[in-house]
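Below: the structure, in structure tokens.
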Amino acid sequence: MEELPPTSPSAPLDRRAELSEFLRSRRARLLPGDVGLPDFGRHRRVPGLRREELAQLAGVSVAYYTRLEQGNGRNVSAEVLDAIARALRLTDAEHAHLMHLAKGKQHKKRTSARPQQVRPALGQLLEAMDGVPAYISGRRSDILAWNGMAAAVFGDWSELPVAERNWARLVFLRPEYRDLFVEWEQKAIDIVCLLRMDAGCFPDDTRLSALVGELSVKSEEFRRLWATHDVKEKSHGLKHLHHPLVGELSLSYESFRMPDDPDQSLVTYHAEPGSASAQALRLLASWGTDATRVAAP
């Protein structure tokens, strides 16, 4: 498989700043009543819980929590992070993100520099999934491999430069993908949440920081969503598409992490048997990779 060409140097993401901003953003979304604390109606200069209230909930000193929120998580224990995660009502994905930011491992730096390669057997599996749009995604939302049905539904990515085969670039910078996804805002949120997870796992990934920097300059929507510090794992669900050739599609998707490379995921789409979407997929299968190209005019 092709690997992305070298990018211009970019400063890695500042993990201390990421930790500080993440904790602040999670604290800001909670009110005393949300966590069982009395609210005496006192004026709050900033939204959400105060530091002393969160420290009380987590069972740590205010000074200790303040140091952590300032980005100093080097010596914090996993038990304390667990307590803070419970106090902040973090999801499993947010909890994992907090652990990565506070207790990042050195081996992550080496892993992020490793070329992303799809095993030949996985490529063969993609092609064998006849009638099922499927692709392999990797770090930074890179699209690493796909089958003909994925090209028929989403566009023939082989026509793009390798560096452009990236979901974040497609969703935020290409108008045709804004038209393709009926719920474009949700797709954009999902992509940013995944990039945030990658930022926690690989803060030294200069390609990721370069991507974030470029999108922040070129897309106001990306800047807004990136500032929320929301995170979410790949999962499953329903996507509504407006395909230029066959019209409306309602497709269920499933995401499977590769056991030997958890940075890669196999994503598949399927339609409910007997539905109009299933019939539309069969029509797209007959067109193959020409489907979106024929519809373009």
Among residues of segment 140-165, those that are surrounded by fewer than 22 Cβ atoms within 10 Å (Cβ to Cβ) and over 21 Å from L251 (Cβ atoms), counted
7
Which of the residues spanning segment 278-291 are open to solvent by less than 30 Å² (accessible area, probe 1.4 Å) and either modelled with pLDDT of 90 or more or in contact with a Phe, Trp or Tyr (Cβ under 9 Å, 6 or more places away or on another chain) (or both)?
A278, A280, L281, L284
When every residue in segment 1-37 that is modelled with pLDDT under 90 and hydrophobic (A, V, I, L, M, F, W, C) is compared, the one nearest to the chain's Cα centre (by Cα) is L13
Check whether at least one residue in segment 265-277 is more than 24 Å from the chain's Cα centre (by Cα) and open to solvent by less than 60 Å² (accessible area, probe 1.4 Å), and report yes or no.
yes
Collect the residues in segment 127-149 that are assigned to a helix (DSSP H, G or I) and touching a residue at least 40 places away in the same chain (Cβ under 8 Å), keeping them in residue-number order.
R139, R140, S141, G148, M149
Cβ-Cβ under 7 Å pairs, at least 6 apart or on other chains, segment 69-81 side surrounded by 14 or more Cβ atoms within 10 Å (Cβ to Cβ), far side basic (K, R) and part of a helix (DSSP H, G or I)
E69/R24; E69/R51; G71/R16
Note on segment 85-105: residues open to solvent by 50 Å² or more (accessible area, probe 1.4 Å) and over 16 Å from the mean Cα position of the chain (by Cα) are R86, R89, M99, K103, K105
Members of segment 217-260 that are open to solvent by 40 Å² or more (accessible area, probe 1.4 Å), in contact with a Ser or Thr (Cβ under 6 Å, 6 or more places away or on another chain) and either at positive phi or in a strand (DSSP E or B) (or both)
L238, H240, S250, E254, R257
Are any residues in segment 249-272 at pLDDT below 95 and out of contact with any strand residue (DSSP E or B) (no Cβ under 7 Å at 6 or more places or on another chain), and if so, which ones?
P259, D260, D261, P262, D263
Of E94, E176, E127, which residue is closer than 17 Å to K234 by Cβ and charged (D, E, K, R)?
E94
Take G213 and tell me if it is in a helix (DSSP H, G or I) and open to solvent by less than 20 Å² (accessible area, probe 1.4 Å).
no
Could you say which residue among A128, A168 is among the small types (G, A, S) and in contact with a Leu (Cβ under 9 Å, 6 or more places away or on another chain)?
A168
The one condition in (1) in contact (Cβ under 8 Å) with a residue 40 or more places away in the chain; (2) touching a Leu at 6+ places or on another chain (Cβ under 8 Å) that G48 fails to fulfil
(1)
Test result for N147, under 27 Å from P273 (Cβ atoms) and among the polar types (S, T, N, Q):
yes
Within segment 236-259, residues under 22 Å from the mean Cα position of the chain (by Cα) and in contact (Cβ under 8 Å) with a residue 60 or more places away in the chain come out as L241, L251, M258
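The values are calculated or read from the model by the stated rules, or taken from the named source; none is laboratory data. These numbers come from a predicted model, not from an experiment. Cβ atoms come from the backbone with ideal geometry, glycine included; neighbour counts cover every protein chain shown. Accessible surface is based on the protein model in full, side chains and every heavy atom, while ligands, DNA and RNA are left aside. Shrake-Rupley method; radii C 1.70, N 1.55, O 1.52, S 1.80 Å.
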